[in-house]
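Asker: Below is the structure I would like to discuss, written out as C-alpha coordinates.
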(Lines give C-alpha, C1' and ligand atoms only; values in the text may rest on other atoms or scores of the structure.)
Protein backbone atom coordinates (compact mmCIF):
# COMPACT_ATOMS: atom_id res chain seq x y z
CA UNK A 1 0.00 0.00 0.00
CA UNK A 2 1.55 3.30 -1.16
CA UNK A 3 1.14 6.21 1.24
CA UNK A 4 1.78 9.91 0.60
CA UNK A 5 1.84 12.23 3.61
CA UNK A 6 1.45 15.98 3.05
CA UNK A 7 1.99 18.53 5.79
CA UNK A 8 -0.78 21.16 5.69
CA UNK A 9 0.10 23.36 8.67
CA UNK A 10 2.10 23.41 11.89
CA UNK A 11 1.20 25.27 15.09
CA UNK A 12 3.19 25.68 18.32
CA UNK A 13 1.86 27.44 21.39
CA UNK A 14 3.26 28.12 24.87
CA UNK A 15 0.78 29.38 27.42
CA UNK A 16 3.56 29.95 29.97
CA UNK A 17 5.62 32.16 27.64
CA UNK A 18 2.60 33.61 25.83
CA UNK A 19 4.20 32.69 22.50
CA UNK A 20 3.00 30.94 19.41
CA UNK A 21 4.18 29.96 15.95
CA UNK A 22 2.08 29.05 12.91
CA UNK A 23 2.92 28.20 9.32
CA UNK A 24 1.20 26.58 6.37
CA UNK A 25 2.75 24.35 3.74
CA UNK A 26 1.91 24.44 0.03
CA UNK A 27 1.39 21.41 -2.21
CA UNK A 28 4.63 22.04 -4.07
CA UNK A 29 8.18 22.35 -2.76
CA UNK A 30 8.50 24.28 0.47
CA UNK A 31 11.78 26.11 1.05
CA UNK A 32 12.68 27.27 4.54
CA UNK A 33 15.47 29.83 4.58
CA UNK A 34 17.09 32.18 7.04
CA UNK A 35 20.33 32.94 8.82
CA UNK A 36 22.01 30.57 11.28
CA UNK A 37 20.12 29.95 14.53
CA UNK A 38 16.98 31.44 12.97
CA UNK A 39 15.03 28.20 13.62
CA UNK A 40 15.12 26.27 10.34
CA UNK A 41 16.29 23.01 11.93
CA UNK A 42 14.13 23.67 14.98
CA UNK A 43 10.99 23.61 12.81
CA UNK A 44 11.91 20.23 11.29
CA UNK A 45 12.84 18.81 14.71
CA UNK A 46 9.61 20.08 16.24
CA UNK A 47 7.60 18.26 13.55
CA UNK A 48 9.54 15.05 14.22
CA UNK A 49 8.96 15.51 17.94
CA UNK A 50 5.22 15.82 17.29
CA UNK A 51 5.23 12.36 15.70
CA UNK A 52 6.71 10.92 18.91
CA UNK A 53 10.41 10.94 17.99
CA UNK A 54 12.23 11.58 21.26
CA UNK A 55 15.74 11.79 19.79
CA UNK A 56 15.31 15.51 19.10
CA UNK A 57 14.51 16.40 22.73
CA UNK A 58 18.03 17.71 23.32
CA UNK A 59 17.89 20.07 20.33
CA UNK A 60 14.48 21.35 21.52
CA UNK A 61 15.46 21.69 25.19
CA UNK A 62 15.25 25.52 25.14
CA UNK A 63 11.79 25.50 23.56
CA UNK A 64 10.56 22.61 25.71
CA UNK A 65 11.46 24.58 28.84
CA UNK A 66 8.45 26.79 28.00
CA UNK A 67 6.10 23.74 27.93
CA UNK A 68 4.81 24.22 24.37
CA UNK A 69 2.02 22.27 22.66
CA UNK A 70 2.60 21.25 19.03
CA UNK A 71 -0.09 20.60 16.44
CA UNK A 72 0.51 19.19 12.97
CA UNK A 73 -2.27 19.02 10.39
CA UNK A 74 -1.63 16.48 7.63
CA UNK A 75 -3.25 14.90 4.62
CA UNK A 76 -2.61 11.17 4.08
CA UNK A 77 -3.31 9.75 0.64
CA UNK A 78 -3.68 5.95 0.39
CA UNK A 79 -5.04 4.15 -2.68
CA UNK A 80 -6.68 7.35 -3.98
CA UNK A 81 -8.33 7.92 -0.62
CA UNK A 82 -7.64 11.14 1.32
CA UNK A 83 -7.40 10.91 5.13
CA UNK A 84 -7.19 14.09 7.21
CA UNK A 85 -4.96 13.80 10.26
CA UNK A 86 -4.41 16.04 13.24
CA UNK A 87 -1.49 15.16 15.54
CA UNK A 88 -1.01 17.03 18.82
CA UNK A 89 1.86 16.53 21.25
CA UNK A 90 1.73 17.91 24.76
CA UNK A 91 4.99 16.94 26.49
CA UNK A 92 4.76 13.14 26.96
CA UNK A 93 1.25 12.79 25.56
CA UNK A 94 0.14 12.48 21.94
CA UNK A 95 -3.39 12.80 20.52
CA UNK A 96 -4.21 11.71 16.96
CA UNK A 97 -7.52 12.44 15.20
CA UNK A 98 -8.23 10.62 11.97
CA UNK A 99 -11.06 12.17 9.88
CA UNK A 100 -14.22 12.06 12.00
CA UNK A 101 -13.09 9.14 14.15
CA UNK A 102 -12.60 9.36 17.91
CA UNK A 103 -9.32 10.85 19.13
CA UNK A 104 -6.60 8.25 19.74
CA UNK A 105 -4.57 9.08 22.87
CA UNK A 106 -1.13 7.89 23.97
CA UNK A 107 0.04 8.89 27.46
CA UNK A 108 3.61 8.62 28.72
CA UNK A 109 5.51 8.26 25.43
CA UNK A 110 8.56 10.17 26.67
CA UNK A 111 10.76 7.04 26.64
CA UNK A 112 11.33 4.87 23.57
CA UNK A 113 11.04 1.75 25.70
CA UNK A 114 7.77 2.81 27.31
CA UNK A 115 4.72 0.60 26.70
CA UNK A 116 2.70 3.54 25.33
CA UNK A 117 5.50 4.45 22.93
CA UNK A 118 5.42 0.86 21.59
CA UNK A 119 1.64 1.22 21.09
CA UNK A 120 2.22 4.51 19.26
CA UNK A 121 4.80 2.84 17.01
CA UNK A 122 2.35 0.04 16.20
CA UNK A 123 -0.40 2.54 15.45
CA UNK A 124 1.77 4.64 13.11
CA UNK A 125 3.05 1.52 11.35
CA UNK A 126 -0.51 0.46 10.56
CA UNK A 127 -1.66 4.01 9.77
CA UNK A 128 1.08 4.68 7.20
CA UNK A 129 1.36 1.08 5.92
CA UNK A 130 4.99 1.06 7.02
CA UNK A 131 6.09 -2.57 7.44
CA UNK A 132 9.87 -2.46 7.51
CA UNK A 133 11.28 -5.26 9.70
CA UNK A 134 14.74 -5.00 11.24
CA UNK A 135 16.78 -7.59 13.04
CA UNK A 136 17.35 -6.96 16.74
CA UNK A 137 19.42 -9.67 18.40
CA UNK A 138 17.83 -12.94 17.24
CA UNK A 139 14.39 -11.63 16.31
CA UNK A 140 12.84 -9.57 13.55
CA UNK A 141 10.97 -6.55 14.93
CA UNK A 142 9.06 -3.66 13.42
CA UNK A 143 11.35 -0.74 12.74
CA UNK A 144 11.33 2.22 15.09
CA UNK A 145 9.35 5.38 14.26
CA UNK A 146 12.58 7.19 13.40
CA UNK A 147 13.23 4.97 10.36
CA UNK A 148 10.05 6.32 8.72
CA UNK A 149 11.67 9.76 8.53
CA UNK A 150 15.34 8.79 8.11
CA UNK A 151 15.08 9.08 4.32
CA UNK A 152 13.86 12.70 4.68
CA UNK A 153 15.96 14.04 7.54
CA UNK A 154 19.68 14.67 7.93
CA UNK A 155 20.92 15.86 11.30
CA UNK A 156 23.42 18.71 11.14
CA UNK A 157 25.64 16.96 13.67
CA UNK A 158 26.11 13.89 11.43
CA UNK A 159 25.56 14.97 7.82
CA UNK A 160 25.33 12.70 4.79
CA UNK A 161 28.34 10.57 5.73
CA UNK A 162 26.78 9.26 8.93
CA UNK A 163 23.15 9.45 7.86
CA UNK A 164 22.28 6.42 9.97
CA UNK A 165 23.28 8.29 13.12
CA UNK A 166 20.76 11.06 12.54
CA UNK A 167 18.70 9.12 15.09
CA UNK A 168 20.08 7.18 18.01
CA UNK A 169 19.75 3.42 18.46
CA UNK A 170 19.76 2.45 14.81
CA UNK A 171 23.31 1.10 15.06
CA UNK A 172 22.03 -1.74 17.28
CA UNK A 173 20.09 -3.32 14.43
CA UNK A 174 21.88 -6.08 12.53
CA UNK A 175 22.19 -5.74 8.76
CA UNK A 176 20.40 -2.38 9.01
CA UNK A 177 21.86 -0.85 5.86
CA UNK A 178 20.81 -3.68 3.53
CA UNK A 179 17.36 -4.11 5.08
CA UNK A 180 16.69 -0.38 5.01
CA UNK A 181 17.83 0.16 1.44
CA UNK A 182 16.09 -2.99 0.17
CA UNK A 183 12.82 -1.79 1.70
CA UNK A 184 12.94 1.68 0.17
CA UNK A 185 14.13 0.33 -3.19
CA UNK A 186 11.42 -2.35 -3.25
CA UNK A 187 13.89 -5.25 -3.30
CA UNK A 188 12.50 -8.49 -1.87
CA UNK A 189 13.99 -11.94 -1.30
CA UNK A 190 12.57 -15.22 -0.08
CA UNK A 191 15.34 -16.00 2.40
CA UNK A 192 14.18 -16.55 5.97
CA UNK A 193 17.14 -14.83 7.57
CA UNK A 194 16.26 -15.86 11.11
CA UNK A 195 15.97 -19.50 10.10
CA UNK A 196 19.23 -19.22 8.17
CA UNK A 197 20.87 -17.64 11.20
CA UNK A 198 19.52 -20.39 13.45
CA UNK A 199 20.92 -23.09 11.15
CA UNK A 200 24.28 -21.32 10.93
CA UNK A 201 24.36 -21.10 14.72
CA UNK A 202 23.59 -24.81 15.02
CA UNK A 203 26.28 -25.58 12.46
CA UNK A 204 28.81 -23.51 14.42
CA UNK A 205 27.82 -25.28 17.66
CA UNK A 206 28.22 -28.72 16.10
CA UNK A 207 31.54 -27.71 14.52
CA UNK A 208 32.85 -26.58 17.89
CA UNK A 209 31.69 -29.82 19.48
CA UNK A 210 33.41 -31.86 16.77
CA UNK A 211 36.60 -29.84 17.23
CA UNK A 212 36.44 -30.25 21.01
CA UNK A 213 35.84 -34.01 20.82
CA UNK A 214 38.55 -34.42 18.18
CA UNK A 215 41.07 -32.69 20.45
CA UNK A 216 40.08 -34.93 23.36
CA UNK A 217 40.34 -37.98 21.13
CA UNK A 218 43.81 -36.98 19.96
CA UNK A 219 45.23 -36.00 23.34
CA UNK A 220 43.68 -38.67 25.59
CA UNK A 221 45.76 -41.88 25.63
CA UNK A 222 42.94 -43.92 27.15
CA UNK A 223 40.61 -42.94 24.33
CA UNK A 224 43.26 -43.73 21.73
CA UNK A 225 43.74 -47.18 23.30
CA UNK A 226 39.99 -47.70 23.46
CA UNK A 227 39.68 -46.73 19.83
CA UNK A 228 42.36 -49.26 18.85
CA UNK A 229 40.54 -51.93 20.86
CA UNK A 230 37.30 -50.96 19.16
CA UNK A 231 38.94 -51.27 15.75
CA UNK A 232 40.28 -54.71 16.72
CA UNK A 233 36.85 -55.73 17.98
CA UNK A 234 35.29 -54.47 14.75
CA UNK A 235 37.63 -56.64 12.68
CA UNK A 236 36.89 -59.69 14.82
CA UNK A 237 33.19 -59.01 14.68
CA UNK A 238 33.35 -58.63 10.91
CA UNK A 239 35.26 -61.92 10.60
CA UNK A 240 32.76 -63.67 12.87
CA UNK A 241 29.81 -62.33 10.89
CA UNK A 242 31.36 -63.41 7.58
CA UNK A 243 32.07 -66.91 8.96
CA UNK A 244 28.56 -67.09 10.39
CA UNK A 245 27.09 -66.07 7.04
CA UNK A 246 29.09 -68.76 5.22
CA UNK A 247 27.97 -71.45 7.64
CA UNK A 248 24.40 -70.19 7.43
CA UNK A 249 24.47 -70.52 3.64
CA UNK A 250 25.95 -74.04 3.92
CA UNK A 251 23.31 -75.02 6.48
CA UNK A 252 20.54 -73.81 4.19
CA UNK A 253 21.97 -75.89 1.34
CA UNK A 254 22.15 -78.95 3.60
CA UNK A 255 18.63 -78.33 4.80
CA UNK A 256 17.42 -78.18 1.24
CA UNK A 257 19.29 -81.37 0.40
CA UNK A 258 17.85 -83.06 3.51
CA UNK A 259 14.30 -82.17 2.51
CA UNK A 260 14.86 -83.60 -0.97
CA UNK A 261 16.21 -86.84 0.49
CA UNK A 262 13.25 -87.09 2.86
CA UNK A 263 10.90 -86.70 -0.07
CA UNK A 264 12.75 -89.40 -2.03
CA UNK A 265 12.69 -91.80 0.94
CA UNK A 266 8.98 -91.18 1.41
CA UNK A 267 8.46 -91.88 -2.29
CA UNK A 268 10.47 -95.15 -2.15
CA UNK A 269 8.61 -96.33 0.96
CA UNK A 270 5.23 -95.62 -0.65
CA UNK A 271 6.33 -97.22 -3.91
CA UNK A 272 7.55 -100.34 -2.05
CA UNK A 273 4.19 -100.68 -0.29
CA UNK A 274 2.39 -100.51 -3.63
CA UNK A 275 4.69 -103.16 -5.18
CA UNK A 276 4.11 -105.52 -2.25
CA UNK A 277 0.37 -105.23 -2.77
CA UNK A 278 0.85 -105.92 -6.48
CA UNK A 279 2.90 -108.99 -5.61
CA UNK A 280 0.15 -110.26 -3.30
CA UNK A 281 -2.44 -109.77 -6.00
CA UNK A 282 -0.32 -111.73 -8.45
CA UNK A 283 -0.60 -114.82 -6.24
CA UNK A 284 -4.39 -114.60 -6.29
CA UNK A 285 -4.61 -113.90 -10.04
CA UNK A 286 -2.26 -116.56 -11.49
CA UNK A 287 -3.41 -118.28 -14.74
CA UNK A 288 -3.22 -121.76 -13.21
CA UNK A 289 -5.75 -121.59 -10.38
CA UNK A 290 -6.54 -117.91 -9.93
CA UNK A 291 -9.81 -116.05 -10.41
CA UNK A 292 -10.67 -112.78 -12.16
CA UNK A 293 -10.79 -110.03 -9.49
CA UNK A 294 -13.87 -108.53 -11.19
CA UNK A 295 -16.20 -111.35 -12.24
CA UNK A 296 -14.72 -114.10 -9.97
CA UNK A 297 -14.50 -116.53 -12.92
CA UNK A 298 -11.49 -118.85 -13.08
CA UNK A 299 -8.73 -117.48 -15.31
CA UNK A 300 -8.17 -119.29 -18.62
CA UNK A 301 -4.93 -121.17 -18.78
CA UNK A 302 -2.75 -120.43 -21.80
CA UNK A 303 0.89 -120.15 -22.65
CA UNK A 304 0.52 -116.43 -23.35
CA UNK A 305 -1.15 -115.82 -19.98
CA UNK A 306 1.54 -117.80 -18.16
CA UNK A 307 4.24 -115.81 -19.95
CA UNK A 308 2.63 -112.43 -19.07
CA UNK A 309 2.12 -113.53 -15.50
CA UNK A 310 5.72 -114.64 -15.10
CA UNK A 311 6.92 -111.39 -16.71
CA UNK A 312 4.84 -109.27 -14.28
CA UNK A 313 6.06 -111.29 -11.32
CA UNK A 314 9.68 -110.85 -12.36
CA UNK A 315 9.22 -107.10 -12.98
CA UNK A 316 7.52 -106.67 -9.60
CA UNK A 317 10.27 -108.58 -7.78
CA UNK A 318 12.91 -106.53 -9.56
CA UNK A 319 11.16 -103.26 -8.62
CA UNK A 320 10.80 -104.38 -4.98
CA UNK A 321 14.53 -105.11 -4.75
CA UNK A 322 15.41 -101.76 -6.31
CA UNK A 323 13.12 -99.87 -3.90
CA UNK A 324 14.60 -101.74 -0.92
CA UNK A 325 18.14 -100.90 -2.02
CA UNK A 326 17.32 -97.20 -2.49
CA UNK A 327 15.45 -97.11 0.79
CA UNK A 328 18.43 -98.67 2.54
CA UNK A 329 20.85 -96.17 0.96
CA UNK A 330 18.74 -93.18 2.05
CA UNK A 331 18.39 -94.50 5.61
CA UNK A 332 22.18 -94.84 5.85
CA UNK A 333 22.58 -91.24 4.58
CA UNK A 334 20.16 -90.03 7.29
CA UNK A 335 22.23 -91.69 10.00
CA UNK A 336 25.38 -89.95 8.78
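Asker: If you take the residues of segment 58-91 that are in contact with a strand residue (DSSP E or B) (Cβ under 7 Å, 6 or more places away or on another chain) and assigned to a loop (DSSP other than H, G, I, E, B), which of them is nearest to residue 22 (Cα to Cα)?
Answerer: Here the answer is 68.
Asker: Here's a follow-up. What tally of residues in segment 1-27 results from selecting those that are farther than 19 Å from residue 85 by Cα and without any contact (Cβ under 8 Å) to a residue 40 or more places away in the chain?
Answerer: Looking only at that region, the number is 3.
Asker: Would you call residue 171 more than 28 Å from residue 76 (Cα to Cα), assigned to a helix (DSSP H, G or I) and either assigned by TED's automatic domain parsing to the domain that holds residue 41 or in contact with a helix residue (DSSP H, G or I) (Cβ under 8 Å, 6 or more places away or on another chain) (or both)?
Answerer: For residue 171, the condition - more than 28 Å from residue 76 (Cα to Cα), assigned to a helix (DSSP H, G or I) and either assigned by TED's automatic domain parsing to the domain that holds residue 41 or in contact with a helix residue (DSSP H, G or I) (Cβ under 8 Å, 6 or more places away or on another chain) (or both) - is met.
Asker: Here's a follow-up. Pick from 184, 244: which is under 30 Å from residue 111 (Cβ atoms), modelled with pLDDT of 80 or more and in a helix (DSSP H, G or I)?
Answerer: Answer to the selection: 184.
Asker: Considering only segment 249-261, I want to know if a residue exists there that is assigned by TED's automatic domain parsing to the domain that holds residue 328 and in contact (Cβ under 8 Å) with a residue 24 or more places away in the chain.
Answerer: Yes; the residues of segment 249-261 include at least one that is assigned by TED's automatic domain parsing to the domain that holds residue 328 and in contact (Cβ under 8 Å) with a residue 24 or more places away in the chain.
The values are calculated or read from the model by the stated rules, or taken from the named source; none is laboratory data. No experiment lies behind these values; they were computed from the predicted model shown. All Cβ positions, glycine included, derive from the backbone under ideal geometry; neighbour counts span all protein chains shown.
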